[in-house]
Every structure is written in structure tokens, then in C-alpha cells.
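J.: Sharing a structure, written as C-alpha cells. Questions coming.
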Amino acid sequence: MNKIVVTDRTGESQRFDASDKMRILHAGLLAGVGLPHECGTGTCGMCKAKLETGEIADLWPEAPGRRSCRRPGEVLLCQSAAVNDVSLSLRSAFSPPLRPACERVKGRLTLEETLTDDVALFRCTLERPLVYEAGQFALVGLPDLSGPRAWSMIDYTPGAAHFDFLLRRAPGGGASAIVFDTSDELDVELIAPLGQAIFDPDEGRPFVAIAGGSGIAGMLAILARAEAEGPVNAGTSHIVFGLRDPDSAYLLDRLDAAVSQMNGALRVTVAFSDAPASALLQQAHANLIFTEGLAHDVAAPIVEQAKHGDVKPVYFVAGPPAMVDATLQHLLTVLNVAAEDVRYDRFG
Amino acid sequence: MTDLVEQDWVPACARSEISDGDKLEVELPNGDFVLLLGVNGKVIAVCADCPHQDTPLAEGSLIGSVLTCPVHFWQWDVESGEMLGPAELPLPSYDVREDAGQVFIRPHSVAL
Ligand SMILES: Cc1cc2nc3c(=O)[nH]c(=O)nc-3n(C[C@H](O)[C@H](O)[C@H](O)COP(=O)(O)OP(=O)(O)OC[C@H]3O[C@@H](n4cnc5c(N)ncnc54)[C@H](O)[C@@H]3O)c2cc1C
Ligand code: FES
Ligand code: FES
């Protein structure tokens with residue numbers, strides 16, 4: 001075990017141990033240290049720190065998040081393993097420790113249901129149950145693949161010893177090749193839960209959830225929790241589900257049933273960017289509203305209306321980075337939604 | 001006699017590199033990263049890293065004179081120096097001078 005010391009910009013220091021196999025960010029989060037981060041997987045750049053003493057191994061020198069490491073000695077903690085005792089400094093302050101705390105657990109991943117050529121539901125049976133919040137994600141390490149992948153839990157069953165995931169095949173993707181092209185069960189290792197885009201019915205607020213493609217994954221957990229626990233009388237919640245075309249659509253039955261179950265407290269709009277919905281599709285899902293356009297454009301009038309409701313909604317945005325960025329930009333600068341009301345996950 | 005004030009200015013970029021709405025990150029000889037912004041016909045220079053959690057602000061958005069960090073959306077009106085939205089800290093800025101098609105910065109940041 002190597003000793004790690006991290007000092008933040010206020011001069012506060014935190015200490016934890018990390019083996020040379022473990023990424024320093026993950027070791028710190030598991031030890032309850034509030035290390036700044038977002039994706040945990042090398043893309044966002046939020047976990048950068050300066051190496052002061054000791055040696056690290058850079059596990060993914062090409063990580064896109066390295067673009068934020070512009071000063072000498074800066075490294076990504078989620079892509080660094082300690083070779084010996086290491087001290088690091090942050091130009092930011094420590095974040096509050098994760099609540100609920102994240103844990104490391106083994107699991108077994110199996111295909112549950114194929115939804116389209118590129119999208120499928122998987123179940124990961126855990127060696128023990130983990131507590132998590134609706135909207136959170138897990139870092140999943142797959143056999144013979146460098147670096148874990150971030151996948152959102154799609155259900156809200158914190159007492160159960162499994163996580164369900166909705167995965168989209170990324171062309172040429174490392175994890176995609178393993179999970180979609182092997183029929184065997186896979187032994188995986190998880191670090192979970194992570195993520196701040198959480199829905200808590202105790203806030204007593206409706207939600208407006210805007211999802212691009214597989215970004216619907218975390219929204220399904222939010223929906224599951226809302227179906228089970230309210231928020232009661234908080235006003236209408238909305239899901240805007242952006243998809244390419246009707247042929248690539250999935251989960252419409254699930255969403256249709258949720259609208260009916262929530263008895264007027266939920267409206268779901270499916271926005272196809274490339275082709276309109278057929279009359280047949282609309283008939284088969286009479287509780288859903290079908291429209292053409294990009295998710296953030298389609299969401300605009302819904303947001304305008306929700307903004308002026310009695311209770312301010314929470315806004316959730318998830319999906320591919322370009323979709324998330326366009327939607328956030330629109331929400332904040334055109335629709336003047338308050339930044340503190342917006343929670344998001346960039347899937348990449 | 002050497003003009004100390006004049007000596008303080010360092011060249012940052014050509015004026016033609018920045019139009020309204022543009023963001024350009026430059027590194028000063030002292031290692032500071034500075035973000036040059038095109039705002040209402042002027043060039044404004046601010047610290048290139050978000051004072052919240054050090055995110056490069058070149059990845060944020062600039063609409064008019066409002067700069068927004070892409071992570072937790074702290075915002076500043078870079079013309080007036082006003083903190084907007086959830087921002088809790090001011091964004092340090094730099095003096096800017098334009099001369100013969102060149103933008104110069106004085107590398108001592110001050111809170112906007
Ligand atoms: C918060 C969050 C939640 C997400 N939720 C979901 C979800 O619910 N469903 C879903 O389908 N996708 C989700 N994603 C995207 C997901 O993490 C993967 O990007 C996606 O599964 C494709 O993985 P891949 O390995 O097939 O593609 P690849 O392109 O091979 O890799 C994708 C990601 O894996 C990491 N990676 C790649 N190569 C390396 C390497 N050599 N070393 C270390 N890391 C590497 C990087 O983070 C990269 O962006 C989420 C992403 C984030 C950030
Ligand atoms: S947390 Fe390390 S790059 Fe995102
Ligand atoms: S890092 Fe910029 S607002 Fe948080």
C-alpha cells in the first residue's frame with residue numbers, strides 16, 4: 001500500500017492508502033475523501049491535481065480529460081496509480097465526502113433484454129446490496145479492459161443486491177465489444193454509487209428530465225422513485241426523450257405505462273430528430289406525445305411553462321456530451337433557468 | 001530611465017485573433033493562463049480557470065458579456081465584474097491594452 005497525501009488550496013490535507021493497482025481518485029473516494037471529480041473515467045478533467053512528490057503511473061496518457069492539465073506536473077487522479085508514496089496538491093478545495101458513501105463490490109453481469117440492435121438491458125448481480133440514490137451511476141470494471149466505464153442505474157431498488165443498466169453500443173467501443181458481443185456472464189468489479197444528478201422526492205418538487213438516447217437510463221431510476229414515492233401534489237413532471245427516428249426507439253411501452261400509472265402527474269414527450277412518428281406508433285402509445293425536433297428545442301415550451309408553475313421544478317439533463325451541452329446552454333442562457341435547479345450527466 | 005509600467009505589459013495575441021464572442025486562452029511568460037474574451041468591440045482578459053474548482057473557462061460559454069463555467073454554471077458579467085447566478089467568488093481580471101494591432105496584458109490579476 002502506498003501513502004497518499006492530498007492538500008487542497010486552503011491548505012487542508014487528507015491522507016489515504018492506495019495500492020499500485022488502484023486509481024488514486026477511486027482509492028480516495030472509497031476512503032471517504034472529497035476529491036473533486038465528475039465522470040471518474042478520464043473525460044471531464046475535473047480530477048486534476050499536481051504531483052508534488054513521489055511517482056505515479058499514467059494509466060491512460062491519451063485521456064481526453066488531460067486537456068485540463070496545462071501546468072507542469074498536473075495529472076488526472078482517475079487515470080493515475082501511485083508507484084510509491086505520493087503527495088499531491090489541488091488548485092481547488094475538497095468537495096464534501098460522497099453521501100451515500102461509495103463502496104467497492106464484485107458483481108456478475110448478464111444480458112436481460114435486447115431492445116434494439118444497439119441498445120440492451122443488463123442486470124448486474126452484486127455480492128451484497130448497496131445504498132444509492134435515483135440518478136446515480138456506478139463505475140464498472142470489465143475483465144481485460146483498461147479503465148472502468150460509468151453506467152447509470154436504471155431502477156431504484158436500494159435494498160436489492162443488483163443493479164440494472166441500459167447500455168448503448170458505442171461503435172468501436174471497448175466495453176461495447178465485450179458486453180454486446182459475448183454471450184457469457186461477466187465477472188465485473190464496481191465502485192458505486194457516484195453522481196450528483198439525484199432526484200429526492202423529499203424536496204417536494206416536480207422534475208423536467210431531458211434525455212438524449214441512452215441518457216434516459218438515469219431518468220428511469222428517477223421515474224421509478226417518483227412512481228413509488230411522489231412527489232405528492234407537487235405539479236406535473238415531464239420527460240423529454242430525444243431519439244433519432246422511430247426505428248431506433250426503445251422503452252416506449254415502459255414510458256407509456258408510467259404516464260398511466262402516475263395519473264396526470266407525468267407527461268412524456270418523445271422527440272425524433274430525423275423522422276416523424278407513424279400513426280401506428282402513436283396509436284400504440286396513446287399516453288405519449290410524439291414530435292419532431294431536437295430534445296432541447298422540443299423541451300423549450302415545456303420548460304417555459306414549468307418555470308411558472310407553483311413549485312419550481314428540478315431539471316435533469318443526460319446523454320451524449322454535445323446534446324447535454326446544447327441543452328444546458330439553452331436552459332441557462334435562453335430560458336433563464338436558475339443554475340442551482342439544473343443537474344446533469346455528460347455520457348462521455 | 002526605464003519605464004517600469006511600460007515594461008509590465010506583455011504581448012498576448014494579435015487583435016485580429018479575437019472577434020466579439022470569441023474566447024482565446026494564452027499562457028503568459030510567468031505561467032499564468034489568461035482567457036481573452038471579445039466583448040462589445042473590446043478585448044477583456046480574465047483568469048482562465050474557474051475560481052470554484054479550477055475548470056478551464058475556455059470550455060464555458062460567452063454570451064454577450066456573460067461568461068458561464070461549464071461545470072456548476074458560475075457566471076460573471078466580465079464587463080461590469082458582477083457575479084451572476086450561483087457564483088460565490090469574483091473572477092480575477094487583467095488590464096488590457098491594444099497597440100498597433102497587438103493585444104497586451106499586464107500580468108497582475110485583480111478581482112474584477
Ligand atoms: C456519468 C456517466 C453515466 C453514464 N451512463 C451510461 C449509461 O447508463 N449507459 C450507457 O450506455 N453509457 C453510459 N455512459 C457512457 C459510458 O461510460 C461509456 O462511454 C459507454 O458505455 C461506451 O463505452 P465503450 O467502452 O464501449 O466505448 P469506448 O469509446 O471504448 O470508451 C468509453 C469511455 O471509456 C473510458 N476509456 C476508454 N479507453 C480507456 C482507457 N484506455 N483507459 C481508461 N479509460 C478508458 C473513457 O471514459 C471513454 O470515454 C455514461 C457516462 C458517464 C460519464
Ligand atoms: S473524474 Fe477524472 S477526468 Fe473526469
Ligand atoms: S468549476 Fe466552475 S462553477 Fe464549479
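J.: List the accessible area buried at the contact between B and A, summed over both sides and calculated with a 1.4 Å probe, in Å² to the nearest 100.
T.: 1700
J.: Next question. Please name the residues of region A:39-68 whose accessible area, counted over protein heavy atoms with a 1.4 angstrom probe, falls by no less than 30 Å² between the chain alone and the full protein assembly.
T.: A:M46, A:K48, A:R67
J.: I've got another one for you. Return one whole number: the accessible area per residue of chain B in Å², for a 1.4 Å probe.
T.: Here the per-residue accessible area is 46 Å².
J.: Put +1 on the Cβ of every Lys and Arg and -1 on every Asp and Glu Cβ in the protein assembly as shown; which of A:V324, A:H26, A:Q261 then has its Cα farthest towards the positive end of the dipole?
T.: A:H26
J.: Does region A:83-223 come out rounded, prolate or oblate by the C-alpha gyration tensor, with a ≥ b ≥ c the root eigenvalues, rounded set by a/c under 1.5 and, if not, prolate when a/b is larger than b/c and oblate if not?
T.: Taking the square roots of the gyration eigenvalues as a ≥ b ≥ c, region A:83-223 is oblate.
J.: Can you check how the C-alpha radius of gyration of the protein assembly as shown compares to 2.2 N^0.38 Å, as a plain ratio?
T.: Here the Cα radius of gyration is 1.05 times the empirical estimate.
J.: Here's something else I'd like to know. Tell me the carbon and sulfur percent of the accessible area for the protein assembly as shown, rounded to whole percent, probe radius 1.4 Å.
T.: Using a 1.4 Å probe with all protein chains present, the protein assembly as shown comes out at 49 percent carbon and sulfur.
J.: With a 10 Å radius around each residue's Cβ, average the other Cβ atoms per peptide and rank A:237-249, A:121-133, highest first.
T.: A:237-249, A:121-133
J.: Ignoring everything except DSSP H segments at least 4 long, calculate the 222 nm mean residue ellipticity for chain A; use -39,500 (n - 2.57) per segment, divide by total residues, nearest 500.
T.: Theoretical 222 nm ellipticity from helices: -5500 deg cm²/dmol.
J.: Strictly under 4.7 angstrom between C-beta atoms: which cysteines of chain B have no such partner?
T.: That list is B:C13, B:C47.
J.: Residues of region A:103-194: accessible area per residue at 1.4 Å, in Å²?
T.: That works out to 44 Å² for each residue.
J.: Now for a separate question. State whether region A:180-320 is rounded, prolate or oblate according to the following rule on the C-alpha gyration tensor (a ≥ b ≥ c being the square roots of its eigenvalues): a/c under 1.5 gives rounded; otherwise a/b larger than b/c gives prolate, and the remaining case gives oblate.
T.: It is oblate, given that a/c is not under 1.5 and a/b is not larger than b/c.
J.: Indicate the gyration tensor shape class of region A:2-89 (rounded, prolate or oblate), computed on the Cα atoms with a ≥ b ≥ c the square roots of the eigenvalues: a/c under 1.5 is rounded; otherwise a/b larger than b/c is prolate and the rest oblate.
T.: rounded
The values are calculated or read from the model by the stated rules, or taken from the named source; none is laboratory data. Predicted model only: the values in this text are computed from it and were never measured. Neighbour counts are summed over all protein chains in view; Cβ atoms, including those assigned to glycine, are modelled from backbone coordinates with ideal geometry. With ligands, DNA and RNA removed, areas are computed over all heavy atoms of the protein, side chains included. Shrake-Rupley method; radii C 1.70, N 1.55, O 1.52, S 1.80 Å.
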